[in-house]
Amino acid sequence: MGRSPLALAHARLMSEAEQLLNGTGLQVADRLGFRDPAYFSRFFQRHAGMPPGRYRAALAAAGSGARSFAAWP
């Protein structure tokens, strides 16, 4: 595959984190097995380029227009 097992594990964690941040209001760090939310935040920021709170806010801002009644045909 050209990637180390650790890189594959991190990619899988990021995929799960992005899905949880997109679809739920749950504490993502706990769901993914991180004991320390601050460590999860640093992990996420290192891999995504932004902290999880900003990522979730960006998703909400991007999706807010599509979910309003004004967006209906």
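From the P(r) of region 20-65, could you give the percentage of C-alpha pairs in the tail past 15 Å?
Numbers: 441 of 1035 pairs.
Value for region 20-65: 43 percent of Cα pairs lie more than 15 Å apart.
Just to verify a number: FRET efficiency for residue 12 and residue 58, C-beta to C-beta distance, R0 = 25 Å, to 0.05? All intermediate terms of the calculation are to be shown ahead of the outcome.
Details: r = 22 Å, r/R0 = 0.88.
The computed FRET efficiency comes out at 0.70.
Since every read-out is calculated from the coordinates, none of them should be taken as a lab result. Keep in mind the model is a prediction, meaning the values are calculated, not measured. Ideal geometry is used to build each Cβ from the backbone, glycine not excepted, and the neighbour counts take in all protein chains shown.
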